[in-house]
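Enquirer: Dumping the structure here so I can ask a few things about it.
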Amino acid sequence: MPAEDIAKLKIEKSEKIVKPSRYKKKPLVIAAIILLLLVTGGLYFGGIIAPAISVDVTTISQVYPSQSISILNASGYIVAQRKAAVASKVTGRLVALMVEEGSKVKQGEVIARMENVDVTAFRNQAAANLNTVRATLEQAKAERDIALLEYTRYKKLFESNFVAKSDYDVTVTRYKRAVEGVKGAEATVRAGIAALQNAEAGLDYTLVRAPFDAVVLTKNADVGDIVTPMGSAANAKAAVVTIADMKSLQVEADVSETSIASIRVGQPCDIQLDALPNMRFQGEVYTIVPTVDRSKATVLVKVRFLDKDPRMLPDMSAKVSFLSRRLEPEELKPRLAVSQSALISRGNKTFVFLLQGNRVKETLVQVGSKLGDMTEVISGLKPGDRAVIKPSKGLKNGSRIKVAER
């Protein structure tokens, strides 16, 4: 390179390169960081972005005071103690059925009729025969009365020696024969009455009657079916209907043999039906069947209802609570209750944490008496509300929560 060109390469000292200082932006960054921390802390401690607290919850529900005095629970079914499969006494074809499922019948009421043309004819024949022998009896009585008059007249004549003894003996014999004739006719009448009764019984056998007041549960045969008492014929029906006495409904529950010592006849019970979950029925132990089921190691206990409902039906499932004492009238109604572990006491006030979405609200409640591990709620809550149980110390009004999975 030429020397004169090198001489031209120089830096003018008057033109300085100005570089921005990195320290001038530090206060702004620090202020932004501090502001961010303050906002984040405010949101955190204000509960806006605080982590959700895991809690256990319980549902506010109505409970019965009987739950606090229950000493044993068992499950079973409603069973009708009077139940019958009603059939005809004779084999024949069903020609009429006067009831259907759900029909109420009275004792002795005709619920079905079998084909009875032949037995009706036999009954009519027996009635006609009876009329004939009764007429014969009247004739025999008339002959006896005539023979008696003749015998009386001849007896007086014989005593006065106006007739021969042979003539007198004839009248005596005729009278005795007439008396015996009446006796024979009376016996024939009795036989005719018995024959008519037999025919009427045979006719009545073709009528299927209810053996007691009951409700028809099932209809087992229809008009046109062959019904036989033994049910041995092909396609024959052994029963026409199945009935049950609804007044005889009882709960049959299986009680463990290790707990049977806690049960006694007459012990008060509280009965709940799955079909009527919002109702409770009072009952008492009716009998303890003196037999143990080896396969289940249980004893059958029968509990009778003290109050019933027309909606009760055989084979409904039931739960029985055996109580330590009888309930008072005021204890028969349900009460709103909450678990005692959900209650928080502060001075003379009581609170619970109610769930509202994913947060809790501190709610003032008024409580009543204890019901086992529950406490009666007089005001502040309603059925279906959910409350936190065993709330932690960090839980407060408005805290974000999540329900613990179990």
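No lab work stands behind these numbers, since they all come straight from the coordinates. Small disclaimer: the values here were computed from a predicted structure and weren't measured. A quick note on method: Cβ atoms are made from the backbone with ideal geometry, for glycine too, and the neighbour counts reach across all protein chains shown.
Enquirer: Name the long-range amide H neighbours of V367: under 5 Å, sequence gap of 5 or more, or other chain; modelled H, no Pro or chain starts.
Expert: I378
Enquirer: Which cross-chain or sequence-distant (5 or more) residues have an amide H under 5 Å from the amide H of V163, H modelled 1.01 Å from N in plane?
Expert: Residues meeting the criterion, in which the H sits 1.01 Å from N, are F158.
Enquirer: Moving on to the next point. Okay, helix-only estimate at 222 nm for the chain: each DSSP H run of n ≥ 4 adds -39500 (n - 2.57), divide by all residues, round to 500 deg cm²/dmol; what do you get?
Expert: Estimated from H runs of four or more residues: -9500 deg cm²/dmol.
Enquirer: Related question: Using 23 Å as the Cα-Cα cut-off, could you pick out the over-long pairs in K89/K308; K247/K296; K333/K390; K156/K183; K308/K382; K89/K219?
Expert: Over 23 Å Cα-Cα: K89/K308; K247/K296; K333/K390; K156/K183; K308/K382.
Enquirer: Once the dipole of segment 117-205 is set up with Lys and Arg at +1 and Asp and Glu at -1 on Cβ about the Cα centre, which of G181, A121, G202 lies farthest towards its positive end?
Expert: Of the options given, the answer is G181.
Enquirer: Give the relative contact order (percent, whole number) for the chain; include only Cα pairs under 8 Å separated by 6+ residues.
Expert: Relative contact order here is 26 percent.
Enquirer: Taking the chain as the reference, fit the longest principal axis to its C-alpha atoms, fit the long axis of helix 26-45 to the helix C-alpha atoms, and give the angle between the two in degrees, 0 to 90, nearest 10.
Expert: Here the helix axis deviates by roughly 20 degrees.
Enquirer: Scanning the chain for GluC sites (Glu not before Pro) in DSSP loops with at most 13 other Cβ atoms within 10 Å, what's the longest stretch left with none?
Expert: In the chain, the maximal stretch lacking such sites is 102-404.
Enquirer: Can you tell me the 0 to 90 degree angle between the C-alpha axis of helix 117-159 and the longest principal axis of the chain, rounded to 10?
Expert: Approximately 30 degrees, to the nearest ten.
Enquirer: Restricting to Cα pairs below 8 Å that are 6+ residues apart, what does the relative contact order work out to for segment 288-406? Please round to a whole percent.
Expert: Rounded, it is 20 percent for segment 288-406.
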